[in-house]
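*Asks:* Starting off with a structure, shown below.
The values are calculated or read from the model by the stated rules, or taken from the named source; none is laboratory data. The structure displayed is predicted, hence computed values, not measured ones. Methodologically, a virtual Cβ is constructed for each residue, glycine included, from the backbone with ideal geometry; neighbour enumeration extends over all protein chains shown. All accessible areas refer to the heavy atoms of the entire protein, side chains included, with ligands and DNA or RNA removed. Shrake-Rupley method; radii C 1.70, N 1.55, O 1.52, S 1.80 Å.
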Amino acid sequence: MQYGQVPGVTKPISRLVQGTVMVGSDHLEESFALLDEIRALGCTTFDTGHVYGNGDNERTVGHWVRDRGVREDVVIIGKGAHHNQDRRRVTPYDIKADIADSLARFQFDYIDLYLLHRDDPNVPVGPIVETLNEELSAGHINAFGGSNWDYRRVEAANEYAAQHGLTPFVAASPNFSLAIQVQEPWENCISVSGPDGEEARAWYLEQQMPLFTWSSLAGGFFSGRFRRNNLDTFDTYLEKLCVTSYCYEENFQRLDRVEELAAAKGLTIPQIATAYVMSQPVEIFALVGCQNGDEFRSNMEAMELRLTAEEIARLELK
């Protein structure tokens with residue numbers, strides 16, 4: 001496993017970050033076994049969300065951390081201020097309320113890295129930055145950033161922080177993969193993939209800001225299961241989401257080239273897709289949703305592979 005650092009977080013952060021949306025109290029033994037297995041492989045960092053499972057996600061992760069006595073050994077990423085069906089919730093009140101909820105559910109004193117799950121460009125950045133700094137000063141969070149924030153809003157937030165002597169955003173969490181989102185899977189998603197994401201990736205590289213990128217396999221598109229001639233056979237929610245978001249000819253041509261390179265290197269399609277993400281010049285921590293240790297181990301192997309500039313350019317061709 002490879003590790004990195006984020007300002008404000010003193011623990012080593014694993015380059016592969018395990019998502020926890022699949023864990024729950026209704027299958028506690030299996031959830032604990034999964035988290036145990038992945039931690040044993042060297043993963044120190046686990047991604048959670050205030051909206052996942054209506055709070056059951058955070059309660060289950062907190063239960064596991066406390067039961068295993070590993071709070072000072074693991075990095076917990078919390079996310080809050082997600083919109084709901086009634087309103088956009090990126091306000092000082094909602095940020096504070098969600099952090100309070102999450103701490104109560106986890107039964108923790110602090111969250112290592114806190115990301116605002118969504119943004120509302122209609123809300124000025126000043127009160128948001130001030131609120132996050134208040135939570136930082138109170139010891140409720142150790143660092144913060146934005147998930148699904150446009151880089152220009154991150155830039156504006158950090159300019160405000162610099163002008164007012166405040167702590168800035170230290171991380172961002174956009175979508176990034178070799179496949180391009182033709183249609184966003186969920187409302188208000190931000191992607192830095194493809195040619196349209198070049199400007200954002202260049203800014204993050206210049207700022208040396210770590211990215212916690214989600215959906216490296218493009219919602220399962222790079223699992224190898226999705227083919228041009230079988231798209232009408234998928235019927236689950238997430239499968240249908242992959243079809244509408246990624247299953248277009250331009251991406252299938254990229255998939256063809258991934259398959260060719262995988263065959264040449266004796267690797268799998270998912271491993272090449274993961275290696276593409278981890279071979280970028282930007283500092284990346286890849287969020288993964290592995291269902292077992294074998295999947296996580298496969299991602300670890302892919303993380304060690306560095307694709308050449310020529311290989312990356314070939315994969316990116318239209």
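*Asks:* In region 153-169, what count of residues is obtained for those that are part of a helix (DSSP H, G or I) and either exposed (fewer than 14 other Cβ atoms within 10 Å of the Cβ) or out of contact with any Ser or Thr (no Cβ under 9 Å at 6 or more places or on another chain) (or both)?
*Replies:* 10
*Asks:* Moving on to the next point. Applying the selection to region 104-151, what residues are of a type in the set (D, E, K, R) and either buried (at least 18 other Cβ atoms within 10 Å of the Cβ) or free of Cβ contacts under 8 Å to residues at least 40 places away in the same chain (or both)?
*Replies:* Passing the criteria: Arg105, Asp109, Asp112, Arg118, Asp119, Asp120, Glu130, Glu134, Glu135.
*Asks:* Please enumerate the residues belonging to region 85-103 that are without any contact (Cβ under 8 Å) to a residue 12 or more places away in the chain and open to solvent by 70 Å² or more (accessible area, probe 1.4 Å).
*Replies:* Gln85, Asp86, Arg87, Tyr93
*Asks:* Continuing with the same structure: Do you know which residues across region 130-152 are under 15 Å from Thr91 (Cα atoms) and assigned to a helix (DSSP H, G or I)?
*Replies:* Within region 130-152, Glu130, Thr131, Leu132, Asn133, Glu134, Glu135 meet the criteria.
*Asks:* For region 67-78, does any single residue satisfy the condition of being under 28 Å from Ser25 (Cβ atoms), part of a helix (DSSP H, G or I) and open to solvent by 10 Å² or more (accessible area, probe 1.4 Å)?
*Replies:* Yes - at least one qualifying residue is present in region 67-78.
*Asks:* Further question on the same structure: I'm trying to understand the selection: among the residues of region 108-164, which are out of contact with any Phe, Trp or Tyr (no Cβ under 6 Å at 6 or more places or on another chain) and aromatic (Phe, Trp, Tyr)?
*Replies:* Of everything in region 108-164, those that are out of contact with any Phe, Trp or Tyr (no Cβ under 6 Å at 6 or more places or on another chain) and aromatic (Phe, Trp, Tyr) turn out to be Phe108, Tyr110, Trp149, Tyr160.
*Asks:* For the subset of region 89-114 comprising residues that are assigned to a loop (DSSP other than H, G, I, E, B) and of a type in the set (A, V, I, L, M, F, W, C), which member is nearest to the chain's Cα centre (by Cα)?
*Replies:* Val90
*Asks:* From the residues in region 235-274 that are charged (D, E, K, R) and free of Cβ contacts under 8 Å to residues at least 40 places away in the same chain, which one is nearest to Gly289 (Cα to Cα)? Lay out the reasoning, then the answer.
*Replies:* Narrowing region 235-274 to residues charged (D, E, K, R): 235, 239-240, 249-250, 254, 256-257, 259-260, 265.
If we keep only those that are free of Cβ contacts under 8 Å to residues at least 40 places away in the same chain as well, we get 235, 239-240, 249, 256, 259-260.
Working: Asp235: 20, Glu239: 15, Lys240: 18, Glu249: 26, Asp256: 24, Glu259: 22, Glu260: 25 Å.
Selected residue: Glu239.
*Asks:* Could you please find all residues in region 299-308 being open to solvent by less than 60 Å² (accessible area, probe 1.4 Å) and either part of a helix (DSSP H, G or I) or of a type in the set (Asp, Glu) (or both)?
*Replies:* Asn299, Met300, Ala302, Met303
*Asks:* Could you say which residue among His63, His82 is modelled with pLDDT under 95 and surrounded by fewer than 22 Cβ atoms within 10 Å (Cβ to Cβ)?
*Replies:* Only one candidate qualifies: His82.
*Asks:* Right, next: From Thr44, Thr48, grab the single residue that is out of contact with any Gly (no Cβ under 6 Å at 6 or more places or on another chain) and hydroxyl-bearing (Ser, Thr, Tyr).
*Replies:* After applying the criteria, what remains is Thr44.
*Asks:* OK, next. Of everything in region 50-60 that's over 28 Å from Gly126 (Cβ atoms) and not hydroxyl-bearing (Ser, Thr, Tyr), which residue is surrounded by the most Cβ atoms within 10 Å (Cβ to Cβ)?
*Replies:* Our first condition is that a residue be over 28 Å from Gly126 (Cβ atoms); within region 50-60, this holds for 52-60.
Next, from what is left, pick out any that are not hydroxyl-bearing (Ser, Thr, Tyr): 53-59.
Details: Gly53: 18, Asn54: 9, Gly55: 15, Asp56: 14, Asn57: 25, Glu58: 29, Arg59: 19.
Per the stated criteria, the residue is Glu58.
*Asks:* Same structure, new question: Inside region 176-200, can you point out the residues that are over 14 Å from Val282 (Cβ atoms) and part of a helix (DSSP H, G or I)?
*Replies:* Pro195, Asp196
*Asks:* Could you tell me how many of the residues in region 201-219 are at positive phi, part of a helix (DSSP H, G or I) and in contact with an Asp or Glu (Cβ under 9 Å, 6 or more places away or on another chain)? Talk me through it step by step, then tell me what you get.
*Replies:* So the first thing to find is which residues in region 201-219 are at positive phi, and the list is 208, 215, 218-219.
Narrowing the set further to residues that are part of a helix (DSSP H, G or I) leaves 218-219.
From what is left, the residues that are in contact with an Asp or Glu (Cβ under 9 Å, 6 or more places away or on another chain) are 219.
The qualifying residues number 1.
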